[in-house]
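First up is the structure itself, then whatever we jot down about it.
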Amino acid sequence: MPISGFPEWLPSQRIIEQRVLDRIRSTFELYGFAPLETRAVEPLDILLSKGETSKEVYLLHRLQEEEGAKREDQLGLHFDLTVPFARFVTENHGKLQFPFRRYQIQKVWRGERPQEGRYREFLQADIDVVNRDTLPFHFDTEMPLVIGDVFRSLPIPRATILVNNRKICEGFYRGLGLEDTAQVLRTVDKLDKIGPEKVAAALVETAGATDSQAAQCLRLAEISATDGSFADRVRALGVTDPMLDEGLAELLQVVETANEHAPGLVRAELKIARGLDYYTGTVYETLLEGYERFGSITSGGRYDNLASVGNTRFPGVGISIGVSRLLGLLFGQDALTVSRSVPTCVVVALPSDDRRAECDRIAAALRGRGIPTEVAPTAAKFGKQIQFADRRGIPYVWFPGEPDTVKDIRSGEQVEADAATWQPAPGDLHPNVSAR
């Protein structure tokens, strides 16, 4: 019986997922990110110290829990990969070379209300760079380039990375005279969910804003541009603050770098803030063309104070691809297809049961050369063995004989072949994923 929010893919979907993960992994490694995996659980106090997430955390405990277990001893399943990564850095900083570039591809768990493309158990693919004491800003400009390269390597609709900088928002709010900038940020971040009227009312009610201050906050949030023109539009609002200037300069650098790498890849979108409290500068979200109504499929940003040991800080910047979210949306629209539902490239036909050992030797020879091969399950008529291959999308059937022959069952072409030398067409060796 299915459990809501815990997806299970069919074999053909799992093959697609694995091919997508291969592309993600290879792109991350092209940029020099090293692989890492952290434990699935963290102490509850660590998980709850990084933002408003207490409603989302799943606790881990035995069915027969020990009496008197303390809250600080409780473990929770991680709800993202950034918090565990920050903990890992603080525990292992003496063994790491900085700046440290890592990628993680792992399951995470989040107690959200399940809906299309949003799950309670899902796979994320993260990249982060951390450094000791200070992290040069050029790493913030690199993040969208990596994600852009990942998405361009996949048969998916065009993706646009939305970027903002919290310094712009916080500086603007301070310049307006609003003191609780964190509350203003959290409220404005709900703009797409509840709309401008309710956001304005919430700013007045929870952040102490006047009606005119709330209106200015909304004007800032309306600004969107694929080039540097956003900076002039912000300045035209007449608010001044040193942090605002710093944020504008940084966001300008992100947009200009991305436009040089891949025009149209990023868009400055001044309404995004990200809900987690630990972001301090650049923030990222990504929309998929045709799927905008489902929201972001990647997220991330700069965090300067998430990891520290004594007086030493380890600032970082990172971005995360919601792999299950992305694939769930595409599967839901039947937007991806795979050339076959099994890895097998060749089925060795079985003329009779007493020749199985001979067929096994042929299969072993082909596998030894990296060609995925299986032997037909029964010595049925050859027509039925061909049907067995065809139903699974397997392109070739091998017939033992004097000499052996191999048949491409799509074209009907059959040629003599030697298991020690024969090679399938390069595109047939493994299943191929494409847009439907």
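The table below lists the values:
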{"quantity": "Amide H within-cut-off set for ALA417, under 5 Å, with H built and near neighbours excluded", "calculated": "ASP404, THR405, VAL406"}
{"quantity": "Residues whose placed amide H lies under 5 Å from that of ASN165, excluding near-sequence neighbours", "calculated": "VAL283"}
{"quantity": "Net length gained if the chain between ARG152 and GLU37 were fully extended (0.36 nm per residue, minus Cα distance)", "calculated": "38.8 nm"}
{"quantity": "Packing-based order for 361-369, 262-270, using average beta carbon neighbours within 10 Å, highest first", "calculated": "262-270, 361-369"}
{"quantity": "Summed side-chain charge close to PRO242 - residues other than PRO242 whose Cβ falls under 10 Å, Lys, Arg +1, Asp, Glu -1", "calculated": "-1"}
{"quantity": "Nearest-20 debye value, the chain charge dipole, Cβ charges on Lys, Arg, Asp, Glu", "calculated": "700 debye"}
{"quantity": "Spatial separation of Cα centroids for the range 413-428 and the range 320-334, in angstrom", "calculated": "36 Å"}
{"quantity": "Only Lys, Arg (+1) and Asp, Glu (-1) charged, at Cβ; the range 240-336 dipole about Cα centre in debye", "calculated": "360 debye"}
{"quantity": "Chain lengthening between ASP45 and ARG132 when straightened (0.36 nm per residue, less Cα-Cα)", "calculated": "28.9 nm"}
{"quantity": "Global geometry of the range 270-345, whether rounded, prolate or oblate, following the gyration tensor of its Cα atoms and the 1.5 cut on a/c", "calculated": "oblate"}
{"quantity": "For the range 127-168 versus the range 207-256, the gap between their alpha-carbon centres in whole angstrom", "calculated": "21 Å"}
{"quantity": "The range 1-126 - accessible surface per residue (Å², probe 1.4 Å)", "calculated": "58 Å²"}
{"quantity": "FRET efficiency, 1/(1 + (r/R0)^6) with R0 41 Å, evaluated for LEU60 and PHE382 via beta carbons", "calculated": "0.15"}
{"quantity": "The range 130-213: GluC sites (Glu not before Pro) falling in loop per DSSP and having at most 16 other Cβ within 10 Å", "calculated": "GLU179"}
{"quantity": "Theoretical FRET efficiency, 1/(1+(r/R0)^6), r = Cβ-Cβ of THR421 and ASP353, R0 25 Å, to 0.05", "calculated": "0.35"}
{"quantity": "Solvent exposure ordering (accessible area, 1.4 Å, most first) of TRP9, TRP109", "calculated": "TRP9, TRP109"}
{"quantity": "Label-point separation in nm, GLU112 to ASN311, each point 7 Å along Cα→Cβ", "calculated": "4.1 nm"}
{"quantity": "Lysine-lysine proximity count for the chain, Cα under 13 Å, sequence distance 8 or more or distinct chains", "calculated": "4"}
{"quantity": "R0 of 56 Å, Cβ-Cβ distance ALA364-PHE98: FRET efficiency to nearest 0.05", "calculated": "0.70"}
{"quantity": "Gaussian network model of the chain, springs between alpha carbon atoms under 10 Å - residue of GLY228, GLY195, GLY310 with greatest fluctuation", "calculated": "GLY310"}
{"quantity": "Carbon plus sulfur fraction of accessible area for the range 259-353, probe 1.4 Å, in percent", "calculated": "43 percent"}
{"quantity": "For the range 1-41: rounded, prolate or oblate by the Cα gyration tensor [a/c cutoff 1.5]", "calculated": "oblate"}
{"quantity": "Using θ = phi - 60° and Karplus 6.51 cos²θ - 1.76 cosθ + 1.60, couplings along the range 164-177 (whole Hz; Gly, Pro as x)", "calculated": "8, 9, 4, 5, 4, 5, 5, x, 5, 5, 5, x, 7, x"}
{"quantity": "Carbon + sulfur, % of accessible area of the range 61-204 - ligands and nucleic acids excluded, 1.4 Å", "calculated": "47 percent"}
{"quantity": "Counted charge near ALA34, where neighbours are those whose Cβ lies closer than 9 Å (Asp, Glu -1; Lys, Arg +1)", "calculated": "+1"}
{"quantity": "Cα gyration tensor, the range 82-199 - rounded (a/c under 1.5), prolate or oblate", "calculated": "oblate"}
{"quantity": "In order through the range 245-253: 3J(HN,Hα) via Karplus (6.51 cos²θ - 1.76 cosθ + 1.60), integer Hz, x for Gly, Pro", "calculated": "4, 5, x, 4, 5, 5, 5, 4, 5"}
{"quantity": "Backbone HN-Hα couplings from phi across the range 361-372 [Karplus 6.51/-1.76/1.60, Hz, Gly and Pro as x]", "calculated": "5, 4, 4, 4, 5, 5, 4, x, 9, x, 9, x"}
{"quantity": "Approximate spin-label separation GLN333-HIS261, in nm, with each point projected 7 Å along Cα-to-Cβ", "calculated": "2.4 nm"}
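The values are calculated or read from the model by the stated rules, or taken from the named source; none is laboratory data. All figures in this text were calculated on a predicted structure; none of them were measured in a lab. Reconstructed Cβ throughout: ideal geometry from the backbone, glycine too, with neighbour counts over all protein chains shown. Just the protein is used for accessible areas: all its heavy atoms, side chains included, with ligands, DNA and RNA removed. Shrake-Rupley method; radii C 1.70, N 1.55, O 1.52, S 1.80 Å.
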